[in-house]
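Scroll down for the structure; my scribbles are underneath it.
A short reminder: the numbers here are calculations on the coordinates, not readings from a lab. All figures in this text were calculated on a predicted structure; none of them were measured in a lab. Here Cβ is always computed from backbone atoms with ideal geometry, including for glycine, and neighbour counts include all displayed protein chains.
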Amino acid sequence: METDYLVIGAGAMGLAFADAIHKEKPRSKIVIIEKRALPGGHWVDDYRFVALHQPAAFYGVGSLELGSGGNDLSSHAELVDYYDRVVKQLQKSAAITFFFGTEYKGNGLAIPLLNPDKPIKIQVKEKVVDASYMKVLTPATHSPNFKVGDGVKFVPINDLLDLQHKPKRFCVIGGGKTGADAVVHLIDNGVLADQIKWVVPNDMWFWNRSKVQTGVVGNEFIKFLKAIQNNSSAEQIFLELEKKGSLFRLLDDELPRKWRCATFSEREFKILKSVKDVVRKGRVHAIGIDRIELDNGSVAYEEGCLSVPNQFAEVDRPSTCEVEFLDYNGNKKKLKASGLLATCIQHEMDHLEGILFIDYLSKLKKMMIVKKLSKQKNKVDRIVV
């Protein structure tokens, strides 16, 4: 087949380009190839509680308003439905052809995924437009680039809505928009901030959503230009914008090294700041049943104990141990243990010596736990420390 324009990808960029070209050149033929079965790009794969983090007025194609327009923050369902409507609108023109569930191989060759024996040959007169070059990945479309040990309950963010029961603790991996969305979602749905461990490989700046709304965003860009004019380094530019309320950061005493335009409201940012158990030791290499291995060391999972009800803390123990014991019949045995079993054995052996896991903590952390326990004394018969 022959076409004027070949667009690779029916996501936000591909459909915006096709919409604009069709408006300027309504007689030009356009072929759009999309590997997914549905239009919308990464929105099709994203977690269901994601929302557009910029005003609807700034997003979508020129010929069709998204949602109610203005500062509306469109939901995942609204975005998927919107791009379905965009495609239906474009399909009214005989000049536009879509191939969904089809992979572009280059040199005008496209392969239908369900019918690979019938390749599609396309001759392009004007331009091939690769609208998929950003290769946006979501947790649902790829495996983690670190090892996940046996017994670890590991789920992509997409599956949070499908959990059948609430664990006592959550560990969120990732300090970007997706990781931050996970933290906000958990706390908005009843998880306490101190029930969350947040692994942040790299701190980044967050944009204050109130500053990028219709009617005020123009002033915001003027602030950016003035900050660039007034300062000689990126650090100084971002610090000036922080002082003016444009940007947030999680740590007051450490400058983030990244900015990817992730946007949050002041309410959401307060939620993020409420999580105190934040791990900053680089990227994750492996997650085991008892610890997380990172670029700059490891982090042990928290221990708990019925002797110290509803309290948890990290205890640094050897990851392996070897014990001798007598079995039920009095026979001497040896056992080499690792992971969670090694932790449990050491924890229980400590009890024989009158040691609790809180005895390994600093005086301050131990006193904080004792203080919490004293407030629960009407719920327990006795507290032993």
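In debye, nearest 20, what is the charge dipole magnitude of the chain about its Cα centre with +1 on Lys and Arg Cβ and -1 on Asp and Glu Cβ, if you could check?
So the dipole magnitude of the chain works out to roughly 400 debye.
May I ask you to derive the FRET efficiency for GLU348 and GLN229 from their Cβ-Cβ distance with R0 = 56 Å, giving the value to the nearest 0.05?
Efficiency at R0 = 56 Å is approximately 0.30.
How big is the Cα convex hull of the range 104-257 in projection, averaged over all directions, in nm²?
16.4 nm²
Can you give the alpha-carbon Rg of the range 2-130 over 2.2 N^0.38 Å, where N counts its residues?
The reported ratio for this selection is 1.07.
TYR133 to SER319: extension gain in nm, 0.36 nm per residue of separation minus the Cα-Cα distance?
62.6 nm
Measure nothing fancy, just the Cα-based angle from helix 363-375's long axis to the longest principal axis of the chain, in degrees from 0 to 90, nearest 10.
90 degrees
Can you sort HIS142, HIS165 by how many other beta carbons sit within 10 Å, fewest first?
Going from least to most buried by this count: HIS165, HIS142.
If packing is taken as the mean number of other Cβ atoms within 10 Å per residue, what is the order of 220-226, 306-312, 94-100, 323-329, highest first?
94-100, 306-312, 220-226, 323-329
What is the angle, in °, between the Cα long axis of helix 339-352 and the longest principal axis of the Cα atoms in the chain? Nearest 10 is fine, range 0 to 90.
The two axes meet at around 30 degrees.
Suppose we look only past 14 Å in the calculated P(r) of the range 301-375. What percent of the Cα-Cα pairs does that tail hold?
65 percent
Starting from the Cα-Cα distance between LYS168 and LYS375, subtract it from 0.36 nm times their residue separation and give me the gain in nm to one decimal.
72.5 nm
Expressed as a rounded percentage, what relative contact order does the range 237-377 have, with Cα pairs under 8 Å and six or more residues apart?
13 percent
Could you work out the relative contact order of the range 301-375, using alpha carbon pairs under 8 angstrom and six or more residues apart, expressed as a whole percent?
26 percent
Going by how many other beta carbons lie within 10 Å of each one, how would you line up MET204, MET367, MET13, fewest first?
In increasing order of surrounding Cβ atoms, one gets MET367, MET13, MET204.
In deg cm²/dmol and to the nearest 500, what is the mean residue ellipticity at 222 nm of the chain if only DSSP H runs of at least 4 residues count, each as -39500 (n - 2.57), divided by the residue total?
Rounded to the nearest 500, the figure is -8000 deg cm²/dmol.
How many lysine pairs are close in the range 2-130, with Cα atoms under 12 Å apart and the two 8 or more places apart or on different chains?
4
Exposure proxy check: ARG267, ARG280 ranked by fewest other beta carbons within 10 Å?
ARG267, ARG280
Evaluate Rg over Rh across the range 201-331, taking Cα atoms for both radii and Kirkwood's formula for Rh.
Radius of gyration relative to Kirkwood radius: 1.22.
Any number yet on Rg/Rh for the range 211-280, C-alpha, Kirkwood?
The Rg/Rh ratio comes out at 0.98.
Using only Cα atoms, what Kirkwood radius does the chain have, in angstroms?
25.1 Å
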